[in-house]
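Visitor: My questions will all concern the structure given below.
Quick note: the coordinates plus some simple rules give every number you see, no bench work behind them. What you see is a predicted model; the values in this text were computed from it and never measured. As a convention, Cβ positions derive from the backbone with ideal geometry for all residues, glycine included, and neighbour counts pool all protein chains shown.
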Amino acid sequence: MSGDRAGGAEVRGEVAVLGAGMHPWGKWGRGFVEYGRAAARAALADAGLEWTDVDSVVGADTVRSGYPGYVAGATFARALGWQGARVTSVYAACASGAQAIGAARAQILAGLADVVLVVGADAAPKGFFAPAGGERPDDPDWLRFRILGAVNPAYFALYARRRMALYGDSGEDFAQVKVKNAAAGALNPNARYRKAVTAEEVAASAVVADPLRLLDICATSDGGAALVLSSMEFARARGAADPVRIRAVSTVTPTYPRTVLDLPDIATDSAVAVAPAAGSFRSSIARAAYEEAGLGPGDLSLAEVYDLSTALELDWYEDIGLCGEGEAVKLLREGATALGGRVPVNPSGGLSSFGEAVPAQAIAQVCELTWQLRGTAGARQVPGARAGITANQGLFGHGSAVVAVR
Amino acid sequence: MERTRTPVVQGWFTEADAEGGFRLLGTRCSACTAVFFPREDAHCRNPHCPGGGELAEVPLSPRGRVWSYTDGRYRPPAPYVSDPAVPWDPYTLVAVELEAEGMVVLGQGAPGVTVADLAVGMEVEVVGGVLHEDATTTWLTWQFKPVGGVA
């Protein structure tokens with residue numbers, strides 16, 4: 001009887017996660033295809049399936065590796081060996097991986113495919129992300145660099161300073177997020193940074209964009225992540241009676257007017273013609289996922305959120321409903337979001353321990369949910385994990401949240 | 001040789017000595033009153049706009065309040081222009097809330113304005129300034145500075 005599990009009985013619209021796999025994050029100096037292929041092979045092995053069993057492959061694109069990156073689905077299919085599968089490639093900035101999962105799920109639920117392989121991988125340059133080359137004065141991402149020199153951490157810093165002014169958060173509070181995530185990342189063999197960090201080390205690191213320091217900000221990394229998804233019928237026929245299930249994939253757009261200065265914008269929308277909706281874009285991403293999944297923040301065993309900065313992880317606590325607005329530091333200081341706490345956030349170690357490999361990252365978040373919900377996360381296992389959410393936000397109005405249960 | 005003074009983007013702000021002072025320029029939809037900065041000339045982006053309006057140029061408020069602020073301690077990548085032979089001089093970024101327009105606009109701080117001079121909620125004004133100069137051109141931009149100057 002499955003109804004007594006927190007994930008609850010199987011509901012309409014679910015797909016099974018049969019396999020999860022990653023290529024470890026790092027600076028390996030090789031191409032993204034290699035990382036993606038390795039992750040795909042690992043996910044297929046985890047699922048006990050052959051590549052030739054896959055009906056459809058969905059690739060999350062990278063914009064940093066030329067044409068092969070723009071057609072990532074086909075690039076990975078070619079690297080694995082053409083076998084005739086349906087192919088899809090998607091790009092949605094930081095939400096690319098989640099949109100790939102969303103596309104795979106739609107194909108499965110529409111009956112177009114039984115088994116879908118989802119892959120994302122990136123080979124990131126050192127230092128700040130920069131816009132695509134050329135003179136493009138109609139591209140906000142080009143303009144914010146040309147006119148303002150506004151790198152990504154500058155935006156994270158604006159949000160961090162805003163928290164300090166509104167809620168009284170401090171640099172010491174932000175450092176505790178790093179301490180927490182580094183402790184979890186130290187237990188994760190796929191993480192790039194696997195050692196404990198102290199608050200003193202954060203405080204001693206250089207200021208990049210006041211008030212944020214180097215150790216408050218996530219690095220850019222190489223890495224790859226993959227999932228094998230299937231219909232519930234296929235999973236059962238394969239003898240997987242109780243697989244991890246994806247119950248919601250939220251990929252909503254913002255509503256006009258946006259009142260928070262989001263990357264890569266130089267200004268927000270104007271609120272003179274239309275009153276802004278209650279709550280932030282980020283909170284609307286999570287809300288849509290909860291509604292689709294039929295559960296709420298109180299049902300969560302864990303969450304994987306996009307900690308592009310330490311302070312941004314605190315924003316997410318509020319946006320995914322773990323606490324009220326301005327209460328994130330209290331939750332952090334209580335230890336609720338650490339391993340061993342009531343609802344661990346980023347038990348994988350988060351972006352803090354991985355560094356961002358853009359198209360792989362939202363898939364990696366779901367890999368972590370999968371291992372946690374299976375109870376195979378080793379030293380970082382959240383005991384009895386039964387439901388989890390992932391959340392992220394990217395450039396140009398993209399964001400995503402995935403709910404998985406078991 | 002005198003350098004040509006050229007806005008880094010055309011049509012986003014007035015000349016420094018414009019009548020009424022330096023102002024950012026946006027557009028306003030005549031059908032729904034929505035304001036856009038950077039200027040939107042092709043279409044109104046308000047999904048509830050009844051349509052049929054025109055987008056007319058409108059100067060934005062000369063003053064606003066600091067929404068947030070930061071600085072750039074490391075050299076940004078191109079297309080930001082800086083001389084790699086010269087030690088990096090951090091600049092300040094200020095996000096300013098314009099009450100009448102109901103929006104937040106990002107800009108660099110005027111020369112000499114550091115994060116130590118700013119606080120969330122502080123009143124600031126927009127001024128014309130120089131982004132950078134090359135052999136032939138002085139590139140102009142907008143900047144923010146505290147009303148009443150820097151302490």
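Visitor: Can you compute 3J(HN,Hα) from phi for each residue in the range A:337-344, using the Karplus curve 6.51 cos²θ - 1.76 cosθ + 1.60 with θ = phi - 60°, rounded to whole Hz and x for Gly and Pro?
Guide: Rounded to whole hertz, the list is 9, 8, 3, x, x, 5, 9, x.
Visitor: Another one. Tell me which of A:Ala60, A:Ser89, A:Pro347 sits at the most positive position along the dipole axis of the protein assembly as shown, charges placed on C-beta atoms (Lys, Arg +1; Asp, Glu -1).
Guide: Farthest towards the positive pole: A:Pro347.
Visitor: Tell me, which longest segment in chain A has none of the GluC sites (Glu not before Pro) that fall in DSSP loops with at most 11 further Cβ atoms within 10 Å?
Guide: Segment A:136-406 is the longest.
Visitor: Rounded to whole Å, give me the distance from the Cα center of the range A:20-60 to that of the range A:294-351.
Guide: The range A:20-60 and the range A:294-351 have Cα centres spaced 29 Å from each other.
Visitor: Oh, and also: Can you list residues from other chains, or at least 5 along the same chain, whose modelled amide H is less than 5 Å from the amide H of B:Phe13?
Guide: Close amide H contacts, sequence-distant or interchain: B:Leu25.
Visitor: What net charge do the residues around A:Gly69 carry, taking every other residue with its C-beta under 11 Å from that of A:Gly69, with Lys and Arg at +1 and Asp and Glu at -1?
Guide: On the way: positive: A:Arg64; negative: A:Asp61, A:Asp122.
Local net charge: -1.
Visitor: Which of the trypsin sites (Lys or Arg not before Pro) found in the range A:114-182 are in a DSSP loop and have at most 14 neighbouring Cβ atoms, other than their own, within 10 Å? Working shown, then result.
Guide: On the way: sites: A:Lys126, A:Arg144, A:Arg146, A:Arg161, A:Arg162, A:Arg163, A:Lys178, A:Lys180; in loops: A:Lys126.
Qualifying residues, ordered by number: A:Lys126.
Visitor: Just to check, using Stokes-Einstein with a Kirkwood Rh over alpha carbon pairs, what's the diffusion coefficient of the range B:63-146 at 4 °C and 1.567 mPa s in µm²/s? Don't skip to the end; give the middle numbers.
Guide: Numbers: Rh = 13.6 Å.
Diffusion coefficient, whole number: 95 µm²/s.
Visitor: Assign unit charges at the C-beta atoms only (+1 for Lys and Arg, -1 for Asp and Glu), then state the dipole size of chain B relative to its Cα centre in Debye, rounded to the nearest 20. Intermediate results must be reported in sequence, preceding the final value.
Guide: Numbers: 11 positive and 19 negative charges, 59 e Å.
The dipole of chain B has a size of about 280 debye.
Visitor: Where nothing but the Cβ of Lys and Arg (+1) and of Asp and Glu (-1) is charged, how large is the charge dipole of chain A around its Cα centre, in debye to the nearest 20?
Guide: Values: 37 positive and 42 negative charges, 142 e Å.
With only Lys, Arg, Asp and Glu charged at Cβ, the dipole is about 680 debye.
Visitor: Considering every residue in B:84-97, what mean count of other chain Cβ atoms within 10 Å of its Cβ is obtained? Spell out each step's value before the answer.
Guide: On the way: counts 0, 0, 0, 0, 0, 0, 3, 2, 1, 10, 1, 12, 1, 3.
Mean shielding count: 2.
Visitor: Sort B:Ser68, A:Ser230, A:Ser284 by Cβ crowding within 10 Å, fewest neighbours at the top.
Guide: On the way: B:Ser68 25, A:Ser230 28, A:Ser284 20.
Exposure proxy ranking, most exposed first: A:Ser284, B:Ser68, A:Ser230.
Visitor: What number comes out for the charge environment of A:Gln372, summing +1 per Lys or Arg and -1 per Asp or Glu over other residues with Cβ under 12 Å away? If you can, show how the numbers build up before the last one.
Guide: Working: positive: A:Arg374, A:Arg380, A:Arg386, A:Arg406; negative: A:Glu304, A:Glu368.
Computed value for this residue: +2.
Visitor: Also, I was wondering about something else. If we count other beta carbons within 10 Å of each Cβ, what is the order of A:Asp46, B:Asp83, fewest first? Mind dumping the intermediate values first?
Guide: Details: A:Asp46 21, B:Asp83 10.
Ordered by Cβ neighbours within 10 Å, fewest first: B:Asp83, A:Asp46.
Visitor: Can you pull out the GluC sites (Glu not before Pro) in the range B:4-99 whose DSSP state is coil and whose Cβ has at most 15 other Cβ atoms within 10 Å?
Guide: On the way: sites: B:Glu15, B:Glu19, B:Glu40, B:Glu54, B:Glu57, B:Glu97, B:Glu99; in loops: B:Glu15, B:Glu19, B:Glu40, B:Glu54, B:Glu99.
Here the sparse-neighbourhood loop sites are B:Glu15, B:Glu19, B:Glu54, B:Glu99.
Visitor: Same structure, new question: What does the charge count around A:Ser301 come to, taking other residues whose C-beta lies under 11 Å from its C-beta (Lys +1, Arg +1, Asp -1, Glu -1)?
Guide: Working: positive: A:Arg342, A:Arg386, A:Arg406; negative: A:Asp299.
Within the 11 Å Cβ shell, the charges total +2.
Visitor: Most mobile of A:Gly48, A:Gly171, A:Gly134 per a Gaussian network model of chain A (Cα springs, under 10 Å)?
Guide: Taking springs between Cα atoms under 10 Å, the residue moving most is A:Gly134.
Visitor: Counting other Cβ atoms within 10 Å, which chymotrypsin sites (Phe, Trp or Tyr not before Pro) in the range B:54-118 have at most 16 and lie in a DSSP loop?
Guide: On the way: sites: B:Trp67, B:Tyr69, B:Tyr74, B:Tyr80, B:Trp88, B:Tyr91; in loops: B:Tyr74, B:Tyr80, B:Trp88.
Sites meeting the loop and neighbour criteria: B:Trp88.
Visitor: OK, next. Nothing charged except the Cβ atoms of Lys and Arg (+1) and of Asp and Glu (-1): what's the magnitude of the dipole of the range A:187-267 about its Cα centre? Round to the nearest 20 debye. Provide the component values of the computation, followed by the final result.
Guide: Details: 9 positive and 9 negative charges, 99 e Å.
I would put it at about 480 debye.
Visitor: Report, to two decimal places, the Cα Rg of the protein assembly as shown normalised by 2.2 N^0.38 Å (N = number of residues).
Guide: Working: Rg = 24.0 Å, N = 557, 2.2 N^0.38 = 24.3 Å.
Cα Rg divided by the expected 2.2 N^0.38 Å: 0.99.
Visitor: In whole angstrom, note down how far apart the Cα centers of the range A:146-198 and the range B:91-105 are.
Guide: A separation of 24 Å, based on Cα centres.
Visitor: Still on this structure, please answer the following. If each DSSP helix of 4+ residues adds -39,500 (n - 2.57) and the sum is divided by the residues in the protein assembly as shown, what number results at 222 nm, nearest 500 deg cm²/dmol? Could the numbers behind the result be given before it?
Guide: On the way: 14 runs with 142 residues, N = 557.
Mean residue ellipticity at 222 nm (helix-derived): -7500 deg cm²/dmol.
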